[in-house]
1. So, R0 is 41 Å and r is the distance between the beta-carbons of Asn124 and Thr15; what FRET efficiency does that work out to, to 0.05?
2. Distance check, please: which entries in Lys21/Lys120; Lys44/Lys160; Lys68/Lys160 exceed 28 angstrom between their Cα atoms?
3. Take the solvent-accessible surface of the protein heavy atoms, probe 1.4 Å, and return the percent of it on the chain that carbon and sulfur atoms account for.
4. Any idea how far apart Ile101 and Ala134 come out in nm if each label point goes 7 Å out from Cα toward Cβ?
5. Grab the DSSP H runs of the chain that are 4 residues or longer, score each as -39,500 (n - 2.57), total them, divide by all residues and round the 222 nm result to the nearest 500 deg cm²/dmol.
6. Given 0.36 nm per residue, what is the gain on full extension from Met188 to Val173 after removing their alpha carbon distance, in nm?
7. So, for the range 108-193, what is the accessible surface per residue at a probe of 1.4 Å, expressed in square angstrom?
8. Give the label of the value calculated from the structure for semi-axes √(5λ) of the Cα gyration tensor in Å, choosing from (i) 38, 20, 18; (ii) 33, 18, 14; (iii) 29, 19, 15.
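The values are calculated or read from the model by the stated rules, or taken from the named source; none is laboratory data. It should be emphasised that the depicted structure is a prediction, and the values quoted were computed from it without experimental measurement. Virtual Cβ from ideal backbone geometry, glycine too; neighbours counted across all protein chains shown. The protein model used for the area step is the full one, side chains on, heavy atoms only, and it has no ligands, DNA or RNA in it. Shrake-Rupley method; radii C 1.70, N 1.55, O 1.52, S 1.80 Å.
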Amino acid sequence: MFDGQQAHALTSLLTESDPPKFPFLTLLVSGGHTLLLLAYSPTKFKILATTVDSAVGQAIDSVARLLKLSWHDEHGNLIGAGAALERLAASSPPGVSIPTIKPFPVAFPNLLSFSFAGPKGEVNRMLGKLPPDAVEKDEGLRIAIARGFQEAAFSQLEEKVKLALRWCDKRGVKVNGLVASGGVASNMYLRER
(Lines give C-alpha, C1' and ligand atoms only; values in the text may rest on other atoms or scores of the structure.)
Protein backbone atom coordinates (compact mmCIF):
# COMPACT_ATOMS: atom_id res chain seq x y z
CA MET A 1 0.00 0.00 0.00
CA PHE A 2 1.20 3.52 -0.77
CA ASP A 3 2.13 5.87 2.07
CA GLY A 4 -0.68 8.27 1.06
CA GLN A 5 -3.30 5.56 1.37
CA GLN A 6 -1.83 4.51 4.71
CA ALA A 7 -1.97 8.13 5.90
CA HIS A 8 -5.66 8.35 4.92
CA ALA A 9 -6.33 5.13 6.80
CA LEU A 10 -4.66 6.37 9.96
CA THR A 11 -5.74 10.04 9.95
CA SER A 12 -8.50 9.39 12.47
CA LEU A 13 -5.87 8.27 15.01
CA LEU A 14 -4.56 11.85 15.01
CA THR A 15 -7.75 13.85 14.46
CA GLU A 16 -10.41 12.16 16.58
CA SER A 17 -10.78 12.69 20.32
CA ASP A 18 -11.86 9.06 20.57
CA PRO A 19 -9.92 7.31 17.76
CA PRO A 20 -10.94 3.85 16.61
CA LYS A 21 -9.27 0.83 18.14
CA PHE A 22 -7.61 -1.76 15.92
CA PRO A 23 -8.79 -3.57 13.93
CA PHE A 24 -11.04 -1.12 12.05
CA LEU A 25 -12.26 -0.64 8.50
CA THR A 26 -11.28 2.37 6.41
CA LEU A 27 -13.31 3.48 3.41
CA LEU A 28 -11.00 5.70 1.35
CA VAL A 29 -13.08 7.68 -1.14
CA SER A 30 -11.39 10.36 -3.21
CA GLY A 31 -10.76 11.45 -6.77
CA GLY A 32 -7.83 9.09 -7.03
CA HIS A 33 -8.83 6.14 -4.86
CA THR A 34 -11.78 4.07 -3.83
CA LEU A 35 -10.83 1.27 -1.53
CA LEU A 36 -11.95 -0.51 1.57
CA LEU A 37 -9.26 -1.81 3.86
CA LEU A 38 -8.94 -3.51 7.18
CA ALA A 39 -6.38 -1.85 9.47
CA TYR A 40 -4.95 -4.38 11.92
CA SER A 41 -2.27 -2.03 13.27
CA PRO A 42 -0.44 1.15 12.20
CA THR A 43 1.65 -0.94 9.80
CA LYS A 44 -0.54 -3.92 8.87
CA PHE A 45 -3.43 -3.57 6.42
CA LYS A 46 -5.48 -5.79 4.16
CA ILE A 47 -7.18 -4.31 1.10
CA LEU A 48 -10.66 -5.85 0.95
CA ALA A 49 -12.03 -3.98 -2.07
CA THR A 50 -10.83 -1.53 -4.67
CA THR A 51 -12.23 -0.12 -7.89
CA VAL A 52 -11.84 -1.87 -11.21
CA ASP A 53 -12.15 1.42 -13.10
CA SER A 54 -12.91 4.99 -11.99
CA ALA A 55 -12.53 6.22 -8.43
CA VAL A 56 -15.78 7.54 -6.96
CA GLY A 57 -14.45 11.10 -6.78
CA GLN A 58 -13.37 11.01 -10.41
CA ALA A 59 -16.85 9.79 -11.39
CA ILE A 60 -18.46 12.59 -9.34
CA ASP A 61 -16.27 15.18 -11.09
CA SER A 62 -17.24 13.74 -14.49
CA VAL A 63 -20.96 13.79 -13.70
CA ALA A 64 -20.70 17.39 -12.44
CA ARG A 65 -19.12 18.31 -15.79
CA LEU A 66 -21.77 16.39 -17.74
CA LEU A 67 -24.48 18.27 -15.84
CA LYS A 68 -22.62 21.53 -16.55
CA LEU A 69 -22.49 22.52 -12.89
CA SER A 70 -20.67 25.58 -11.69
CA TRP A 71 -17.92 24.66 -9.25
CA HIS A 72 -18.41 27.98 -7.45
CA ASP A 73 -20.84 28.95 -4.72
CA GLU A 74 -23.19 31.95 -4.83
CA HIS A 75 -20.31 34.18 -3.61
CA GLY A 76 -17.91 33.06 -6.33
CA ASN A 77 -15.82 30.85 -4.05
CA LEU A 78 -14.49 27.64 -5.55
CA ILE A 79 -16.29 24.69 -3.94
CA GLY A 80 -15.37 21.90 -6.33
CA ALA A 81 -17.34 19.39 -8.33
CA GLY A 82 -18.29 17.12 -5.42
CA ALA A 83 -19.79 19.94 -3.39
CA ALA A 84 -21.58 21.30 -6.48
CA LEU A 85 -23.15 17.91 -7.19
CA GLU A 86 -24.07 17.42 -3.52
CA ARG A 87 -25.74 20.85 -3.36
CA LEU A 88 -27.70 20.21 -6.54
CA ALA A 89 -28.87 16.77 -5.38
CA ALA A 90 -30.00 18.21 -2.03
CA SER A 91 -31.84 21.14 -3.56
CA SER A 92 -35.61 21.44 -3.91
CA PRO A 93 -36.25 24.80 -5.55
CA PRO A 94 -39.86 25.99 -5.24
CA GLY A 95 -41.88 25.44 -8.39
CA VAL A 96 -39.37 23.04 -9.95
CA SER A 97 -40.83 19.68 -10.91
CA ILE A 98 -38.33 16.87 -10.32
CA PRO A 99 -39.03 13.82 -12.48
CA THR A 100 -38.62 10.26 -11.29
CA ILE A 101 -35.85 8.43 -13.11
CA LYS A 102 -35.17 4.73 -13.32
CA PRO A 103 -32.68 3.49 -10.68
CA PHE A 104 -29.16 3.02 -11.95
CA PRO A 105 -27.82 -0.53 -12.40
CA VAL A 106 -25.98 -2.08 -9.44
CA ALA A 107 -22.27 -2.75 -9.98
CA PHE A 108 -20.88 -6.13 -8.89
CA PRO A 109 -23.64 -7.07 -6.45
CA ASN A 110 -22.40 -9.29 -3.61
CA LEU A 111 -18.72 -8.87 -4.61
CA LEU A 112 -16.04 -6.90 -2.81
CA SER A 113 -15.20 -4.76 -5.82
CA PHE A 114 -16.17 -1.21 -6.80
CA SER A 115 -17.08 0.18 -10.22
CA PHE A 116 -18.13 3.75 -10.89
CA ALA A 117 -17.79 3.76 -14.66
CA GLY A 118 -21.29 2.22 -14.86
CA PRO A 119 -23.19 4.99 -13.01
CA LYS A 120 -21.12 7.63 -14.81
CA GLY A 121 -21.87 5.93 -18.14
CA GLU A 122 -25.57 5.78 -17.27
CA VAL A 123 -25.62 9.57 -16.87
CA ASN A 124 -23.83 9.90 -20.20
CA ARG A 125 -26.41 7.62 -21.89
CA MET A 126 -29.33 9.52 -20.32
CA LEU A 127 -27.98 12.84 -21.51
CA GLY A 128 -27.17 11.45 -24.95
CA LYS A 129 -30.87 10.76 -25.52
CA LEU A 130 -31.81 14.38 -24.80
CA PRO A 131 -31.47 17.55 -26.87
CA PRO A 132 -28.04 19.16 -26.30
CA ASP A 133 -29.36 22.02 -24.15
CA ALA A 134 -31.92 20.00 -22.14
CA VAL A 135 -29.75 19.69 -19.04
CA GLU A 136 -29.21 23.45 -18.91
CA LYS A 137 -32.91 24.27 -19.45
CA ASP A 138 -34.48 21.71 -17.12
CA GLU A 139 -33.33 22.20 -13.51
CA GLY A 140 -35.64 19.44 -12.29
CA LEU A 141 -34.03 16.94 -14.66
CA ARG A 142 -30.55 18.01 -13.51
CA ILE A 143 -31.58 17.51 -9.89
CA ALA A 144 -33.11 14.08 -10.65
CA ILE A 145 -29.97 12.91 -12.46
CA ALA A 146 -27.69 14.23 -9.69
CA ARG A 147 -29.78 12.46 -7.06
CA GLY A 148 -29.89 9.23 -9.09
CA PHE A 149 -26.14 9.20 -9.61
CA GLN A 150 -25.38 10.07 -5.99
CA GLU A 151 -27.76 7.35 -4.76
CA ALA A 152 -26.17 4.75 -7.06
CA ALA A 153 -22.61 5.69 -6.07
CA PHE A 154 -23.23 5.86 -2.34
CA SER A 155 -25.47 2.79 -2.23
CA GLN A 156 -22.59 0.89 -3.75
CA LEU A 157 -20.20 2.18 -1.08
CA GLU A 158 -22.67 1.22 1.64
CA GLU A 159 -23.21 -2.26 0.19
CA LYS A 160 -19.47 -2.93 0.01
CA VAL A 161 -18.97 -1.82 3.63
CA LYS A 162 -21.69 -4.27 4.69
CA LEU A 163 -20.04 -7.02 2.63
CA ALA A 164 -16.67 -6.24 4.24
CA LEU A 165 -18.19 -6.43 7.71
CA ARG A 166 -19.65 -9.86 6.84
CA TRP A 167 -16.27 -10.93 5.42
CA CYS A 168 -14.60 -9.95 8.70
CA ASP A 169 -17.28 -11.62 10.79
CA LYS A 170 -16.89 -14.91 8.89
CA ARG A 171 -13.17 -14.82 9.69
CA GLY A 172 -13.62 -13.98 13.35
CA VAL A 173 -12.29 -10.43 13.01
CA LYS A 174 -14.10 -8.11 15.41
CA VAL A 175 -14.18 -4.74 13.67
CA ASN A 176 -14.06 -1.86 16.16
CA GLY A 177 -15.04 0.98 13.86
CA LEU A 178 -15.36 2.43 10.40
CA VAL A 179 -13.28 5.38 9.23
CA ALA A 180 -14.33 7.26 6.10
CA SER A 181 -11.50 9.33 4.63
CA GLY A 182 -10.74 11.25 1.45
CA GLY A 183 -12.51 14.21 -0.10
CA VAL A 184 -15.73 12.35 -0.95
CA ALA A 185 -16.12 11.43 2.73
CA SER A 186 -17.12 15.06 3.40
CA ASN A 187 -20.40 14.54 1.49
CA MET A 188 -23.21 14.86 4.05
CA TYR A 189 -25.53 12.47 2.19
CA LEU A 190 -22.84 9.78 2.40
CA ARG A 191 -22.05 10.55 6.04
CA GLU A 192 -25.72 10.25 7.02
CA ARG A 193 -25.90 6.74 5.60
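1. My answer for the efficiency is 0.65.
2. Result: Lys21/Lys120; Lys68/Lys160 exceed 28 Å.
3. 55
4. So the two model labels end up 1.0 nm from each other.
5. Numbers: 7 runs with 87 residues, N = 193.
About -14000 deg cm²/dmol.
6. Gain on stretching Met188 to Val173: 2.5 nm.
7. 52
8. It is the value labelled (ii).
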